Amino acid sequence: MDDKKPKWHMELIRAINGFAEEIGLDESTSDRMRDFILSTAKSQYMAGNRAGIYWARNGKNKAVGA
């Protein structure tokens, strides 16, 4: 159920739904916008997560010698 999704995810969905209602989107268009935003956020998170793992594993997080 939705209770198992992270709080940030549910807050994002509420924000998207509120915005869609505010600008008067119909349900179908609102669903498409929500799916687009969530899939874009997920792909960007995954790309950033992969970059972060590479950075951490290869010592890129260590301070460069002064």
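The values are calculated or read from the model by the stated rules, or taken from the named source; none is laboratory data. Since we're looking at a predicted model, the values are computed, not measured. Because the Cβ atoms are built from the backbone with ideal geometry, glycine has one as well, and the counts that use them run over all protein chains shown.
Annotations
- Those residues of region 1-33 which are of a type in the set (D, E, K, R), modelled with pLDDT under 95 and surrounded by 10 or more Cβ atoms within 10 Å (Cβ to Cβ), in sequence order: LYS5, GLU11
- Residue within region 50-62 that is modelled with pLDDT of 80 or more and exposed (fewer than 10 other Cβ atoms within 10 Å of the Cβ) present: no
- Whether a residue is modelled with pLDDT of 75 or more and not in a helix (DSSP H, G or I) was assessed, and LEU38 does not pass this test.
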